[in-house]
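Trainee: One structure follows; several queries about it will come next.
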Amino acid sequence: MLCLALLPQFIDPAAGSVLAQSITLGAIQIFIGVSVNAFVAFAAGSIALFLGTRPAWLLVQRWLMMGTVLAGLAVKLAMEKRA
């Protein structure tokens, strides 16, 4: 839906085949999207491997996540209206 809404703004019927322009713009958008998503996936995997080999980081992460979740629940409970 996004492509159907945005791509026509960049198509000039006077510049040639509308179908060829649409396919070209769509292919460029797909290429950029796949490239960015692949970079994010590889970066996340590399970071996970790097941090997974450090036991101290795993301990900090476990306590930090648990503390964040518990603090969030405490704030939610404190902000609720009493019946």
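Trainee: Check whether at least one residue in region 45-56 is more than 22 Å from the chain's Cα centre (by Cα), part of a helix (DSSP H, G or I) and not acidic (D, E), and report yes or no.
Mentor: Going residue by residue through region 45-56, those that are more than 22 Å from the chain's Cα centre (by Cα) are 53-56.
Checking which are part of a helix (DSSP H, G or I) leaves us with 55-56.
Imposing the further condition that a residue be not acidic (D, E) reduces the set to 55-56.
Yes, region 45-56 contains at least one residue that is more than 22 Å from the chain's Cα centre (by Cα), part of a helix (DSSP H, G or I) and not acidic (D, E).
Trainee: If you check every pair at least six apart or on different chains, which have Cβ atoms under 9 Å apart with a residue in region 32-61 that is touching a residue at least 60 places away in the same chain (Cβ under 8 Å) and of a type in the set (D, E) first and a residue that is surrounded by 10 or more Cβ atoms within 10 Å (Cβ to Cβ) and part of a helix (DSSP H, G or I) second?
Mentor: Between residues of region 32-61 that are touching a residue at least 60 places away in the same chain (Cβ under 8 Å) and of a type in the set (D, E) and residues that are surrounded by 10 or more Cβ atoms within 10 Å (Cβ to Cβ) and part of a helix (DSSP H, G or I), there is no close pair.
Trainee: Could you list, in sequence order, the residues of region 67-83 that are modelled with pLDDT under 85 and among the hydrophobic types (A, V, I, L, M, F, W, C)?
Mentor: A83
The values are calculated or read from the model by the stated rules, or taken from the named source; none is laboratory data. Quick caveat: nothing in here was measured; it's all calculated off a predicted structure. Glycine also receives a Cβ, built like all others from the backbone with ideal geometry; neighbour counts cover every protein chain displayed.
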